[in-house]
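Student: Take this structure first; my questions come after.
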Amino acid sequence: MKNLEIIISEIRSVETNAGITGTKTSVNPCGSILISIIFLVSMLTFSIYDIVNTIPYVITLLIVLIITSIPFSLILRKSKYLLLFVLFIAIFNPIIDRNTAIEIGSFKISYGWLSFFTILLRGFVSITTALILVISTGFIPLCKALEKLRLPNILVTQLLFVYRYIIVLLEEASQISNAIKSRGYGNKKFTIKLYAIFIAQLIIKTYTRAEMINMSMISRGFDGEIRTRSDMKWKRRDTFFCIIAIVIIFILRIVKPFGYIDKLL
Amino acid sequence: MSHHYIKAENLDYTYYGGTKAIEDISFYIGHGEKVALVGANGAGKSTLLLLLNALLFTQRGSIDIGNTIITEKTASYIRRKVGFIFQNSDNQLFMPTVDEEIAFGPRNMGLPNDEVEKRVDMALEAVKCQDLKYSVTSHLSGGQKRSIAIAAVLAMDPEILLMDEPSSNLDPYSRRLLIERIKSFSHTCIIATHDLEMVWELCPRSIAISEGKIIYDGPSKSLFYDKELLKECRLEQPYLAQIEQMKESEKIRNCN
């Protein structure tokens with residue numbers, strides 16, 4: 001519970017810094033989304049055992065992090081739970097798939113271990129790409145870009161509402177948690193009964209608050225579509241960005257910079 | 001400009017579950033009037049404002065705003081004409097940045113981008129918060145949030161302003177700024193509040209509500225001098241009224 005304030009402030013810091021890097025205004029969000037998708041698809045088309053050709057994707061992302069000056073610690077903090085989930089998925093591979101893939105002297109690496117590390121790297125690259133996209137572009141411009149890319153309006157609006165509702169939910173949860181703690185007299189245990197009350201109160205309070213927010217939106221003409229500044233004109237620099245990105249992806253996928261290591265193995 | 005009036009006749013509103021919030025309320029508010037809506041918590045002030053903004057619909061009687069009767073069909077037109085500033089600014093501000101927040105209403109009105117930008121700047125100027133244009137809404141102080149909530153409504157260029165407890169949770173400095181800003185508005189204003197000192201300064205007329213019914217509609221000063229009525233509304237006589245009364249009684253004593 002004590003982490004709720006930290007989570008709220010982190011979400012807010014992403015909102016504030018949705019341009020930590022200055023990239024927010026310099027690259028068209030549509031271009032960012034498309035390049036991110038192409039980047040990920042190009043990586044995912046490699047074989048699950050192809051760890052050598054996955055590593056350049058990790059290096060590329062690390063370079064992007066340095067260029068955009070997004071702190072690596074921020075990425076790690078935000079991706080740790082998802083990475084644990086990826087780890088859970090990958091952990092069974094070394095147990096199931098024990099056939100030897102590489103033999104260097106007496107040292108043997110099984111296909112299971114290869115796919116284990118590849119899945120971890122792929123997970124890291126996918127999560128980091130998504131985080132860089134959100135942090136550098138901002139959630140709302142991203143949603144508007146998705147709309148521009150023909151994602152149904154109803155889905156985009158739902159995404160925006162979910163985003164808004166998560167913040168409301170966290171704020172209310174933080175308030176209830178503080179109220180419970182302030183009268184807990186140092187009793188650190190949250191009993192099941194207390195959890196039940198907490199969840200019930202949370203649902204009631206967030207529902208009421210969401211209703212007020214909805215009223216406020218309707219009062220200002222909301223008709224089911226969230227209209228934001230659609231400053232998404234495709235500029236020359238966006239074309240330039242996309243060409244460079246596609247060239248890099250081409251090198252990663254077709255030229256394969258670490259291909260020679262693959263041949264050695 | 002004489003069409004910015006509000007004429008409410010025999011309004012009734014009962015919430016689901018049977019709580020009667022408004023009972024047989026009628027009043028007329030003319031163009032440019034600043035009227036205070038006073039009464040205890042749960043008296044029905046907020047419900048009445050929601051009815052006037054077409055966010056709830058009266059179950060009996062009618063509300064005529066500038067020759068338009070509030071119905072579900074006219075609701076969106078009414079919401080353009082009547083701006084509503086909610087009690088809790090946190091509930092009102094839902095966009096990530098101040099400029100997006102203020103532009104929300106004008107964009108929904110279908111205005112072109114240039115006009116939206118103009119309105120954002122004008123609204124920020126009206127509340128003297130130009131420097132907050134690109135700030136993140138959740139990082140603002142209580143007073144700043146209230147100012148931005150007002151600017152967000154002003155940007156829609158409403159003819160009538162409804163304010164629900166505008167001075168609550170504000171520090172004295174922010175409250176003073178707010179009062180000065182409201183003073184400068186030429187809009188027809190209805191202010192639901194417990195802050196009678198603010199009413200003293202802003203609203204020549206007050207409507208007092210108790211248990212969903214109007215129990216007083218007249219000059220604010222007369223209400224403030226009527227201690228019995230104030231008690232009935234669970235309100236306290238404002239200090240300014242007390243001082244004025246003391247001065248008057250002193251004058252009478254001196255004359256004698």
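Student: Where a Cα-Cα gap under 24 Å defines reach, which lysines qualify for residue A:205, not counting those fewer than 8 residues away within the same chain?
Tutor: Result set, ordered by chain and number: A:2, A:181, A:188, A:189, A:193, B:20, B:45, B:145.
Student: Just the ratio, please: alpha-carbon radius of gyration of region B:1-94 over 2.2 N^0.38 Å, N its number of residues. Mind showing how you got there, number by number?
Tutor: Values: Rg = 13.3 Å, N = 94, 2.2 N^0.38 = 12.4 Å.
Normalised Rg, Cα atoms only: 1.08.
Student: May I pose another question? How big is the charge dipole of region A:64-151 about its Cα centre, in debye rounded to the nearest 20, if each Lys and Arg gets +1 on its Cβ and each Asp and Glu gets -1 on its Cβ?
Tutor: 280
Student: Averaged over all directions, how much area does the convex hull of the C-alpha atoms of chain B cover when projected, in nm²? Don't skip to the end; give the middle numbers.
Tutor: Details: hull surface 61.4 nm².
Taking a quarter of the hull surface, the average projection is 15.4 nm².
Student: Between helix A:51-68 and chain A, what is the angle of the helix's C-alpha long axis to the longest principal axis, kept within 0 to 90° and rounded to the nearest 10?
Tutor: Between the helix axis and the principal axis of chain A, the angle is about 50 degrees.
Student: Name the residue farthest towards the positive end of the dipole of chain B from the options B:172, B:116, B:208, assuming +1 on Cβ of Lys and Arg, -1 on Cβ of Asp and Glu, about the Cα centre.
Tutor: B:208
Student: Quick check: net charge around residue B:155, other residues with Cβ under 13 Å of its Cβ, Lys/Arg +1 and Asp/Glu -1? Spell out each step's value before the answer.
Tutor: Working: positive: A:220, B:80, B:107, B:118, B:119, B:133; negative: B:99, B:100, B:101, B:115, B:117, B:121, B:125, B:157.
My count for the surroundings of residue B:155 gives -2.
Student: Now, a different point. Is there a pair in B:34/B:213; B:227/B:251; B:221/B:251; B:34/B:81; B:7/B:73; A:80/A:108 whose C-alpha atoms are over 27 Å apart, and which pairs would that be?
Tutor: On the way: B:34/B:213 20 Å; B:227/B:251 21 Å; B:221/B:251 18 Å; B:34/B:81 16 Å; B:7/B:73 18 Å; A:80/A:108 30 Å.
The answer is A:80/A:108.
Student: For region B:59-189, what is the charge dipole size about the Cα centre, in debye to the nearest 20, if Lys and Arg each add +1 at the Cβ and Asp and Glu each add -1 at the Cβ?
Tutor: Working: 16 positive and 18 negative charges, 68 e Å.
Roughly 320 debye, rounded to the nearest 20.
Student: Under the 0.36 nm per residue contour assumption, what length would be gained going from the current alpha-carbon distance of residue A:190 and residue A:239 to full extension?
Tutor: Full extension from residue A:190 to residue A:239 adds 12.2 nm.
Student: Further, regarding this structure: Separation between the residue B:10 and residue A:208 pseudo-spin-labels, each 7 Å from Cα along Cα→Cβ, expressed in nm?
Tutor: 3.4
Student: What's the angle, to the nearest 10 degrees (0 to 90), between helix A:72-90's Cα axis and the longest principal axis of chain A?
Tutor: 70
Student: Consider a paramagnetic label point 7 Å from the Cα of residue B:31 along Cα→Cβ; state which residues of region B:61-80 have an amide N under 12 Å from it.
Tutor: Of the residues in region B:61-80, B:66-67 have backbone N under 12 Å from the label point off residue B:31.
Student: Determine the gain in length on full extension of the stretch residue B:75-residue B:225; use 0.36 nm per residue of separation and subtract their C-alpha separation, reporting nm with one decimal.
Tutor: Full extension of this stretch gives 50.1 nm more.
Student: Continuing with this model, one more query. When the accessible area of each residue in region A:155-173 is compared between its chain alone and the complete protein assembly (1.4 Å probe; ligands, DNA and RNA ignored), which residues differ by at least 50 Å², being lower in the assembly?
Tutor: The answer is A:164.
Student: Give me the net charge of residue B:27's neighbourhood, meaning all other residues with Cβ under 12 Å from the Cβ of residue B:27; Lys, Arg count +1, Asp, Glu -1. Don't jump to the answer; show the numbers that get you there.
Tutor: On the way: positive: B:7, B:205, B:213; negative: B:9, B:24, B:33, B:64, B:217.
Charge balance in the 12 Å sphere: -2.
Student: Suppose each label sits 7 Å from its Cα in the direction of the beta carbon; what would the residue A:73-residue A:130 distance come out to in nanometres?
Tutor: 2.5
Student: Further question: Rounded, prolate or oblate, given the Cα gyration tensor of chain A, with a/c below 1.5 counting as rounded?
Tutor: It is oblate, given that a/c is not under 1.5 and a/b is not larger than b/c.
Student: Between residue B:62 and residue B:249, what's the calculated FRET efficiency when r is the beta-carbon distance and R0 is 41 Å? Round to 0.05.
Tutor: 0.35
Student: Okay, next question. Keeping every protein chain present and rolling a 1.4 Å probe, give me the accessible area per residue for region A:43-182 in Å².
Tutor: For region A:43-182, the per-residue accessible area is 52 Å².
Student: Which residues of region B:70-87 show a drop of at least 20 Å² in accessible area when all protein chains are present, compared with their chain alone (probe radius 1.4 Å, heavy atoms only, ligands and nucleic acids excluded)?
Tutor: B:79, B:86
Student: Straight distance only, please: which lysines reach the Cα of residue A:148 with their own Cα at less than 16 Å, same-chain residues fewer than 8 apart left out?
Tutor: Straight-distance partners of residue A:148: A:233, A:235.
Student: Along the Cα→Cβ direction, 7 angstrom out, place labels at residue B:173 and residue A:182. What is the inter-label distance in nm?
Tutor: About 2.5 nm separates the two model spin labels.
Student: Now for a different question. When every alpha-carbon pair in region B:162-217 is counted, what percent end up more than 17 Å apart?
Tutor: Counting every Cα pair in region B:162-217, those more than 17 Å apart make up 36 percent.
Student: Separate question: Per residue and in cubic angstrom, what volume does the convex hull of the Cα atoms of region B:117-236 have?
Tutor: Taking only Cα atoms, region B:117-236 has a hull volume of 117 Å³ per residue.
Student: Then there is this: How big is the B/A interface in buried accessible area, both sides summed, 1.4 Å probe, to the nearest 100 Å²?
Tutor: Separately minus together, B and A give about 2400 Å² buried.
Student: Debye sum, Cα scatterers, the protein assembly as shown, no solvent: what log₁₀ I/I(0) at q = 0.05, 0.08, 0.10 1/Å?
Tutor: The calculated log intensity ratios at q = 0.05, 0.08, 0.10 Å⁻¹ are -0.30, -0.67, -0.92.
Student: Using a 10 Å cut-off on Cβ to Cβ distances, tally the other chain neighbours for every residue of B:95-101 and report the average as a whole number. Before the final figure, lay out the partial values.
Tutor: Working: counts 6, 13, 7, 0, 1, 5, 1.
Per residue, the average neighbour count from other chains is 5.
Student: So, one more: What do you get for chymotrypsin sites (Phe, Trp or Tyr not before Pro) in region A:119-181 restricted to DSSP loop and a cutoff of at most 11 other Cβ within 10 Å of the site's Cβ?
Tutor: Sites meeting the loop and neighbour criteria: none at all.
Student: Residue by residue through A:206-217, how many Cβ atoms from other chains fall within 10 Å of the Cβ on average? Could you put the intermediate results ahead of the total?
Tutor: Values: counts 0, 0, 1, 3, 1, 1, 6, 7, 3, 8, 14, 6.
The per-residue average across the peptide is 4.
Student: Quick one: which residues, 5+ away or cross-chain, put their amide H under 5 Å from the amide H of residue B:36? H built at 1.01 Å from N.
Tutor: Result for residue B:36 returns B:191, B:205, B:206, B:207.
Student: For region B:17-82, which GluC sites (Glu not before Pro) are both in a DSSP coil and crowded by at most 15 other Cβ atoms within 10 Å?
Tutor: B:72
Student: What's the angle, to the nearest 10 degrees (0 to 90), between helix B:239-255's Cα axis and the longest principal axis of chain B?
Tutor: Its long axis makes an angle of about 30 degrees.
Student: In addition: For a quick check of your reading of the filter: which trypsin sites (Lys or Arg not before Pro) in region A:85-176 sit in a DSSP loop and have no more than 15 other Cβ atoms within 10 Å?
Tutor: Of the trypsin sites (Lys or Arg not before Pro), the ones in loops of region A:85-176 whose Cβ has at most 15 other Cβ atoms within 10 Å are A:98, A:150.
Student: Give the relative contact order (percent, whole number) for chain A; include only Cα pairs under 8 Å separated by 6+ residues. Working shown, then result.
Tutor: On the way: 226 pairs, mean separation 87.3, N = 265.
Answer for chain A is 33 percent.
Student: Counting Lys and Arg as +1 and Asp and Glu as -1, each charge on the Cβ, what is the dipole of chain A about the Cα centre in debye, to the nearest 20? Mind showing how you got there, number by number?
Tutor: On the way: 30 positive and 15 negative charges, 96 e Å.
Approximately 460 debye in magnitude.
The values are calculated or read from the model by the stated rules, or taken from the named source; none is laboratory data. Just so it is clear, the model here is predicted, and its values are computed rather than measured. Quick reminder, even Gly has a Cβ in these numbers, built from the backbone with ideal geometry, and neighbours come from all protein chains shown. Each accessible area value is taken on the protein alone, full model and side chains, heavy atoms only, with ligands, DNA and RNA left out. Shrake-Rupley method; radii C 1.70, N 1.55, O 1.52, S 1.80 Å.
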